[in-house]
Every structure is written in C-alpha cells, then in structure tokens.
2 protein chains.
Amino acid sequence: MIMAKAKKKEEVPAEEKIKQAARKLFTERGFDAVKTRDIAAEAGINLALLNYYFRSKQKLFDVIMVENFEQFVQQLIPVMGDENLSLDEIIAKVSGNYIDMLRNNPDLPFFILNEMKNESSELLVIREKMKDVKSGFIKRVEKAMKEGKLTPLHMGHLMMNFMGLVIFPFVAKPVLMKVNGFSNKEFDALMDERKDLVPIWLKAIMKAK
Amino acid sequence: MIMAKAKKKEEVPAEEKIKQAARKLFTERGFDAVKTRDIAAEAGINLALLNYYFRSKQKLFDVIMVENFEQFVQQLIPVMGDENLSLDEIIAKVSGNYIDMLRNNPDLPFFILNEMKNESSELLVIREKMKDVKSGFIKRVEKAMKEGKLTPLHMGHLMMNFMGLVIFPFVAKPVLMKVNGFSNKEFDALMDERKDLVPIWLKAIMKAK
DNA sequence: AAACATTTTAATCAAATGATTAAACTTTAA
DNA sequence: TTAAAGTTTAATCATTTGATTAAAATGTTT
C-alpha cells in the first residue's frame, strides 16, 4: 500500500491538522494576534513540527490567506457571469448566497479587511480573480444605465453599496451587539431577513435619483 | 506664575506629546501593532517617560480609546435629537457631516471595529452614550412607519444600512484600492459624491418594499 | 532486518517588547 | 539659595515569541 504520509491508523496527517488549526485561529484573530504556540496547541502537535512543515509562521499564513481570499470571492464568479439570469435575479442570488456563506464564515470579512490593510502580497492573483468576476456583470449594468433603465452611477458606488449592505453587518457585529444589545440569535434572524431585503434595497438604490 | 507643568519655553508638555503620538499610532495600527517604543519615538520622548505618565501601555490606550469612541458617536447626538429638522433633513445632515468627519479621520472606523472585537471595557459608558443618540430619532421613525409613510422595518436594519453605506467604504478602502485600482484621489471624489447620494439611497431604502 | 521517511520531544537562541530603576539634569517655588 | 517637582537619560529585567537544533521514537518500504 502506497501512502505519502505515514500514520498509525486513519488519522488526519499532522500537516493538515496544522493547517486547520491555523485557518481557525488566523481567521478569528488575524496574523499578529496568533502565536505559533497557539497553533501548535490547537492542532495538538509540537511547535517544532509547524516549522518543519511550513518553514515559518508567515509561509503558513500565506497559505491560509490565499484560501480565505478565494472563499471570499470565488462564490461570486459563476453567478455574476451567468448570462441566463436577469440582473435582478443575479443580485438576488448573489446577495442570498453571500449572506449564507458569511453566516457560516462570520469572521471572514474582518480577516480580509484587516490583512489587506497591511500586506501587499498576492496582489497579482487577486486582481486577476476580480477581473473575471466583474467583466460580464458590469457591462450589463452599464448597458442598462445607458438605456435609462438604471440611474447612471460610478461602478465603485455600486460595489460599495453591495458590500456595505451585505458584508458590513458581519464586520460590525461586535459593535452592534455591544451597542444595541443584540444577542447572537437576534443577529442571526436579522441576517436571515436581509437575504430577501438587500436585493430589494439594492434595486431601489439603483433606480433612485 | 503658576504652572502645573514646568517647561523651558512654550513647548507642548511631554504628557500631551505622548498622547498625540499614541492617538496617531493606535488609531492607524491598533493596540497590538503599536509598540511603546514606536510611541516614544513618534513623540520624541524617552520610553521611560511614557510609563512615568501613564503607568502602562494599556492605560495609555484606554485614554485614546475613550476619546476615539467619543469622536465616533458624539457628532450624531445633536443632529439626531434636533426636533426642528424633518427626518429627511436629519438623514441628509448626519450623512454629510459624518462622511466629512470620516474623511478627516479615515482610520477611525476600523480602529473602533477592531478594538471592540476584543475588549469588553467601557461598556457602560458606551451603552449610555448611545441611548442618548437614539431615543428621539428612533421614536419619530417608528411613528412614521406606523403611519405608513415608511416601510416597517427592524431598527437594526436601518442602523446597519446607514453604517454600511456611510462607514463601510472607509473600512474597505484598502481592499477597494487594491482590487479596483482606485487612487486616493478617486476614492476621495467618490466619498464626496456620497455625501449627496447616501441620503437619497437611504430614503429609497426606507420606502422600498 | 535494514533503510528510509515521518513525527515527537526537549533544549536552546536571538530578538522584540513592556516595564522598572537609579541617577542626573532642569525648572519652579519657598 | 535651597528644596521640591518635573523631565531626561541610560542601563537593565523578565517575558514572550519565532525559529532552530539534535536526538530519539515510530512507522513504512525494500
């Protein structure tokens, strides 16, 4: 029997355990706040093994960063490029899907925002990915604006509005819970409502003048 | 001549220099990323003096945190409570004022979001401050909803929408600049436009169904 | 079994960092 | 001028933290 990784039974290999622990902690707390010893403890392995597999904390982080950023944008690509859907349908579907994704990964937005504030890494990859996401959808929106079906508006505003309505609540969750006294349950109920509301609001925004 | 702080000429006292340096660095980078030696260097004073005046990094940070949070909310209070303005006027004025304030303090939102994710400090003060902000305005909105002038909606949604449209762009600025290739100038121009656009959009949102 | 790869342990480094101390210097007040 | 308060400097601690090393233990392949 050929096995790349040797292990007693059917256990998860150490390298994978380290990655899982790193993903959890880095996503929750960010690069600086996580210590290599935290990761080793969370993974249930020895500190030395982390450096054995990943050479350094930074290298391990880079792996997680790329994976997280992909999760952050990947979901948008197939829906936004779907020529069989109307613009309204795309907005509704993307909003709903994205809010669902964020409910399962509530720390993802802050992680991306926080880490992209510092690093300049992986810029090329990111820019390329986003080009694919935007091209088709943007052209259709611009066409609708020219035809007078939508109020003419800089694409940056639309992107900020979408992100602001969909993503921001997850970034602001701690503040909202402290300031407004929301419970986790209440917050979750509001997010569920927003799956239907955000598309309505985005449509209203795009037609308002 | 009686002077609490002794100094050669008309210089800014060391305690104030430390606070100013601390405010700048903490607001830009957050608690963890700022080292006491950074603050001392930025203030042009010796490291020992920082601990002499403020006892510890944490104590110094607490001072800055309170001041920053006050700036974050204080501006809202007088306008939102102004009974002489219509709801539309309040929304327009608050949006414009707040975007202007954030253009002068672009790092403030992320600072608040980041630090409130961790700490539980100053909860009482915060909660009290926010009660003042909300009470009057909220009652008027709820009344308008009951009268059918606005679409009935959980107040949490309205707050998220306002913050999402006004504040989020400043939090996402690094991402937007990297992903969309915005320059500082372009971003600033968009923010200027939003002073007029956000009130229009918020009104559209509150009437949409 | 022998050879090889993987995993674990324990000890240790070097640098960064928050904090303290003691001594000197400067300004103000008595 | 002297005493007190405020300010500065330099040296030093103890802890944390990322990383490395050497050696042993465990499992796999030949």
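The values are calculated or read from the model by the stated rules, or taken from the named source; none is laboratory data. Worth saying up front: this structure is predicted, and the values here are computed from it rather than measured. All Cβ positions, glycine included, derive from the backbone under ideal geometry; neighbour counts span all protein chains shown.
Per-structure values
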| read-out | value |
| --- | --- |
| Qualifying position, being more than 27 Å from A:R29 (Cβ to Cβ) and at pLDDT below 90, among B:K19, B:K5 | B:K5 |
| Whichever residue in the range B:80-93 is free of Cβ contacts under 8 Å to residues at least 24 places away in the same chain and within 20 Å of B:K207 (Cα to Cα) and, among such residues, is nearest to the chain's Cα centre (by Cα) | B:K93 |
| Verdict on A:E42 being at pLDDT 85 or above, more than 16 Å from DNA strand C (Cβ to nearest atom) and not assigned by TED's automatic domain parsing to the domain that holds A:G136 | no |
| Counted residues, the range A:27-47 - those being buried (at least 18 other Cβ atoms within 10 Å of the Cβ), more than 14 Å from chain B (Cβ to nearest Cβ), more than 11 Å from DNA strand D (Cβ to nearest atom) and in a helix (DSSP H, G or I) | 1 |
| The range B:48-94: number of residues that are within 16 Å of DNA strand C (Cβ to nearest atom), part of a helix (DSSP H, G or I) and basic (K, R) | 2 |
| Selection within the range A:175-208 - closer than 18 Å to B:R194 by Cβ and more than 7 Å from chain B (Cβ to nearest Cβ) | A:L202, A:M206, A:K207 |
| Inter-residue pairs, beta-carbon under 7 Å, first under 18 Å from B:K117 (Cα atoms) and in the range B:54-79, second outside any helix (DSSP H, G or I) and within 16 Å of DNA strand D (Cβ to nearest atom), 6+ apart | B:F61/B:F31 |
| Subset of the range B:189-209 [acidic (D, E) and either at positive phi or over 21 Å from the mean Cα position of the chain (by Cα) (or both)] | none |
| Subset tally (residues that are over 21 Å from the mean Cα position of the chain (by Cα) and modelled with pLDDT of 90 or more) for the range B:140-188 | 18 |
| Yes/no for B:R103 being of a type in the set (K, R), in contact (Cβ under 8 Å) with a residue 12 or more places away in the chain and surrounded by fewer than 16 Cβ atoms within 10 Å (Cβ to Cβ) | yes |
| Of the criteria (1) closer than 15 Å to B:D107 by Cβ; (2) of a type in the set (G, A, S); (3) more than 7 Å from chain A (Cβ to nearest Cβ), which one B:A172 fails | (3) |
| Matching entry among A:V198, A:V175, A:V141 (being closer than 24 Å to B:M159 by Cβ, in contact (Cβ under 8 Å) with a residue 24 or more places away in the chain and in a helix (DSSP H, G or I)) | A:V198 |
